[in-house]
């Protein structure tokens with residue numbers, strides 16, 4: 001994962017947005033974190049050819065209008081976008097959500113811990129794993 | 001990993017397969033490693049077993065059916081497409097990376113030559129898939 005590539009956070013909960021931003025700061029993760037509060041906004045962003053492709057998407061599931069799994073299904077249908085990995089970050093441990101997310105090729109499914117210290121450890125592990133991981137060089 | 005299902009290792013190189021098993025032992029990872037030497041045998045395993053793996057570790061360059069061809073088949077299968085696949089390979093080829101991610105891999109790690117670095121990579125994979133939920 002390249003440090004100059006943005007990471008997208010698709011999340012409608014303001015407290016969770018703040019926690020993720022704080023974890024990024026405290027862990028010195030330098031990838032720009034772009035926040036989208038709705039899946040429609042995030043899709044428009046992904047389809048914008050003028051902007052660099054993100055190296056990773058952190059995706060909440062319970063988002064009004066278009067759900068996280070709908071978003072996954074939709075952007076994975078675009079050939080030029082489907083390589084972008086999404087890690088689900090949610091409060092839902094519902095087996096149906098897990099099954100559906102992996103069906104649409106989520107690259108991980110983390111249940112958000114309520115405690116910030118534990119939440120930060122989850123973000124640290126996601127970052128460590130994707131830093132070891134090779135990604136294709138996108139044609140922006 | 002999160003549950004005690006086996007990990008399916010698809011790898012034609014005997015030394016690399018032994019290195020994976022050794023690092024599992026060293027890291028006290030209790031999941032059994034089921035080793036198959038190419039895509040054909042790995043598919044046969046998936047089709048014939050009730051013990052589905054919680055994770056597939058996949059090499060790319062293999063005879064008979066390579067990693068990309070295996071991925072195409074697994075991801076087309078309703079029953080198997082949910083199983084996360086992590087590529088573990090020496091191939092630094094851009095085309096392999098793009099094809100693998102287009103087919104929905106959940107990670108692509110280059111095998112380090114050095115054993116202690118290899119253990120670090122396996123440790124990272126184990127930790128990540130321990131905190132991640134898995135489809136049951």
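The values are calculated or read from the model by the stated rules, or taken from the named source; none is laboratory data. As the structure is a computational prediction, the values presented were derived from the model and not from experiment. When we count neighbours, we look across all protein chains shown, and the Cβ atoms used for this are built from the backbone with ideal geometry, even at glycine.
Does residue A:87 meet the test of being crowded, with 21+ Cβ neighbours inside 10 Å and in contact (Cβ under 8 Å) with a residue 60 or more places away in the chain? Here the answer is no, as residue A:87 does not meet what is asked. What are the pairs with Cβ atoms under 7 angstrom where one residue, in the range B:24-50, is more than 27 Å from residue B:124 (Cβ to Cβ) and the other, located anywhere, is at pLDDT below 95 and surrounded by 13 or more Cβ atoms within 10 Å (Cβ to Cβ)? Sequence gap at least six, or different chains. Filtered contacts from the range B:24-50: B:40/B:65. Kindly evaluate residue A:86 against the criterion of being within 15 Å of the chain's Cα centre (by Cα) and farther than 22 Å from residue A:25 by Cβ. Taking the combined requirement at face value, the residue satisfies it.
Considering (1) surrounded by 19 or more Cβ atoms within 10 Å (Cβ to Cβ); (2) more than 14 Å from chain A (Cβ to nearest Cβ); (3) touching a strand residue (DSSP E or B) at 6+ places or on another chain (Cβ under 6 Å), the lone condition that residue B:38 does not fulfil carries the number (3).
In the range A:107-124, the residue that is farthest from residue B:104 (Cα to Cα) out of those that are outside any helix (DSSP H, G or I) and at the interface with chain B (Cβ under 9 Å from one of its Cβ atoms) is A:111.
Hey, could you check the range B:78-136 for residues that are part of a strand (DSSP E or B) and in contact (Cβ under 8 Å) with a residue 60 or more places away in the chain and say which is farthest from the other protein chains (Cβ to nearest Cβ)? Per the stated criteria, the residue is B:88.
As a summary of the residue check, residue B:45 satisfies the conditions (1) outside any helix (DSSP H, G or I); (2) more than 10 Å from chain A (Cβ to nearest Cβ); (3) within 15 Å of residue B:6 (Cβ to Cβ) except for the one numbered (1). Taken as a whole, the condition of being facing chain B (nearest Cβ under 7 Å) and surrounded by fewer than 14 Cβ atoms within 10 Å (Cβ to Cβ) applies to residue A:93.
In the range A:64-77, the residue that is farthest from the other protein chains (Cβ to nearest Cβ) out of those that are in a loop (DSSP other than H, G, I, E, B) and at pLDDT 95 or above is A:77. Only one of the numbered conditions (1) closer than 22 Å to residue B:118 by Cβ; (2) surrounded by 20 or more Cβ atoms within 10 Å (Cβ to Cβ) is violated by residue B:25, and that is (2). Scanning the range A:22-33 for residues that are surrounded by fewer than 17 Cβ atoms within 10 Å (Cβ to Cβ) and either within 13 Å of the chain's Cα centre (by Cα) or assigned to a strand (DSSP E or B) (or both) yields one hit, A:32. Considering only the range A:86-106, state which residues are part of a loop (DSSP other than H, G, I, E, B) and in contact with a strand residue (DSSP E or B) (Cβ under 6 Å, 6 or more places away or on another chain). Of everything in the range A:86-106, those that are part of a loop (DSSP other than H, G, I, E, B) and in contact with a strand residue (DSSP E or B) (Cβ under 6 Å, 6 or more places away or on another chain) turn out to be A:93, A:106.
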